[in-house]
1. What are the extents of the Cα atoms of the range 244-300 along their three principal axes, in Å, largest first?
2. Work out the length of the dipole vector of the range 1-154 about its Cα centre, built from +1 on the beta-carbon of each Lys and Arg and -1 on the beta-carbon of each Asp and Glu, and round it to the nearest 20 debye.
3. Using the structure shown, select from Lys342/Lys408; Lys158/Lys373; Lys164/Lys243; Lys128/Lys177 the pairs with a Cα to Cα distance greater than 25 angstrom.
4. For a bin width of 10 Å, list the pair-distance distribution of the range 34-144 built from all Cα-Cα distances, rounded to whole %.
5. Give me the distance in nm between label points sitting 7 Å out from Cα along the Cα-to-Cβ direction at His195 and Asp250, one decimal.
6. How many times 2.2 N^0.38 Å is the alpha carbon radius of gyration of the range 128-210?
7. What are the extents of the Cα atoms of the range 440-560 along their three principal axes, listed from largest to smallest and rounded to whole Å?
8. Determine, from the Cβ-Cβ distance of Arg293 and Asn490 and an R0 of 30 Å, the FRET efficiency 1/(1 + (r/R0)^6), rounded to the nearest 0.05.
Amino acid sequence: MLALGNAPPALAAPMHGIAMQGEPALAPGFDHLPFVNPDAPKGGTMRYGVYGTFDNLNPVIVRGALTTARGIWFDPEFGNLVFEPLMWRSPDEPFTLYGLVAESVETDEERTFVEFTLNPAARFSDGKPVRVEDVLFTTEMLSQVGLVRPQYTNWLSKVAKIEKVGERGVRFTFNEKADRELPLLLAGLPVLPEHGFDRATFGQTTLKPVIGSGPYVIDRVVPGQRIVYRKNPDYWGRNLPIKRGLDNYDEIVVEYFRNQNAQFEGFQKGLFFVYADGSPEHWRSAYDFPAVRDGRVVKEEFETGRPAGVYGFFFNTRRPLFQDRRVRTALGLLYDFDWANKNLYYGAYRRIEGYFADSELSSVGRPADEREKALLARFPDAVAPEVMDGSWRPPASDASGADRKLMKDAVDMLKEAGYAFHGARLVGPDGRPFAFEILVQNADQQRIALGYQRTLARVGIAASIRLVDDAQYQLRKTSFDYDVLISAFNPTLSPGAEQRGRWGSAAATASGSFNYAGVANPAVDALIDAMTAARTKEDFVAAVRAYDRVLITEAYVVPLFYVGEQWLARWSFIRHPDRTPLNGYHLPSFWREPDAP
């Protein structure tokens, strides 16, 4: 696939950025990102805290993918501290990237190719220049199926040819499998130094500090406990407009804790400085400690423009028990959100409605328009009438934990699917009792599952709950060894190729994929294709809403709940800009007060 030589001249002018639809919000020559403090103080140490462990510093390989140290690359919270992408994705826009290692990008109207021109100033932390040959090495390594994370091999499988253009250009020419999103996905690839890796051992986990072009270098490693990053004083990109106001610490320490309880105790003691909280009970009741009372710890809520995301019980449809849509729909009726929200969560949660709730991408409450109907015409049975006309809502109960109407509706649907009562037990068409296991990872998930278990038992369904340690959980999750699990997908305003890994047919049998439900549905695949092929915002929104309708109808997930804002506690000497970007607070834009102890 790789080639060296001179490619034909580009058909478009170089651009400073690229957006999925339309144009980048920031014009060429912008001074800094609109949500940062360009004059943020520099210096000091930031300490982050996470729970779990790590035994790997190569973040792109499959082996050790679940135990790779945080912060090295593609970290949604801490940023890209060591490896950098060709172009940097803005958290203030749905899907736009601006030049970083690549100073410019070119493509044509049809997006049949993309060409990047490297910034001549780009350097790795050892001082060596970032070359086109490093990009070619990166794509060579990331093309190896089974060696690296599957999204990389999937993206690069859509590339027919990669060529060096002049001294600083690299062109990707696409094959027939490509879509309009591919130039942006390739722009987000990391650039790995060819001289920093041995091809023969690339797929092996390592605790040897890796070399990157990012603002930090790996300074110290205590396996499984701590990783320390030190600011590179010679960082090549520190004066770029997209870097002003970011990367403000001299040192970043990531501390690892055994579990969430130990993690929060560490935060209270000041062992790390910011704590993201997602539990209403915890947020309301756990902060009565001295540092909060005297103002040294501050609790804040941040509004975002993101959808609610996906969080719920995922049915593993690889299991025969969950292959009937009627069974999955009936089980969805038996989760009593209203009881749980009232009795467990102080009424703080909202019920998730669909897969893009709280955004213009949601189909809920909106009848399908003509664009959607055209997309769905090939799949006449893919969407239920009430979902198509916008009248569908998640079931609402009387909050008793035993809403008789909902239980009757569920039982009637299960009887239609061939189930019957033998005494107090529900039995399937094969004569086996209706029973399954819910796999949970922590005490919070266990509590959610216990409430569901109680309601299921009222209609003769035996749901057991299995709490396992983190290592077992990850192993069973990646091998699809579960009946039901509780999981989540981060919300996005720009769903695209990543949806194939979550819901696409090809991912249903790919070990380690994010297709937890085992979905293999032609309508889902076709609508993902429509999303990634859309040229206008109107076509994109229509494709996403149609996709939302199919997933709602198929009931692969029992939706749980969400909060409409982000909750963050921080020690008061950690500060942040006044403006919150579209996707929520951005930790790399925070800073430490210069005189803080």
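1. The Cα atoms of the range 244-300 stretch 37, 27, 20 Å along the principal axes, largest first.
2. On the way: 10 positive and 19 negative charges, 138 e Å.
Taking the Cα centre of the range 1-154 as origin, the dipole is about 660 debye.
3. Values: Lys342/Lys408 22 Å; Lys158/Lys373 29 Å; Lys164/Lys243 27 Å; Lys128/Lys177 36 Å.
From Lys342/Lys408; Lys158/Lys373; Lys164/Lys243; Lys128/Lys177, over 25 Å: Lys158/Lys373; Lys164/Lys243; Lys128/Lys177.
4. 11, 32, 38, 17, 2
5. For the pair His195/Asp250, the computed spacing is 2.9 nm.
6. 1.12
7. 47, 31, 23
8. Numbers: r = 33 Å, r/R0 = 1.11.
Calculated transfer efficiency: 0.35.
Coordinate-derived values only; no laboratory data. In this text the structure is predicted, and so the values were computed from the model without any measurement. We place every Cβ from the backbone using ideal geometry, glycine too, and count neighbours over all the protein chains shown.
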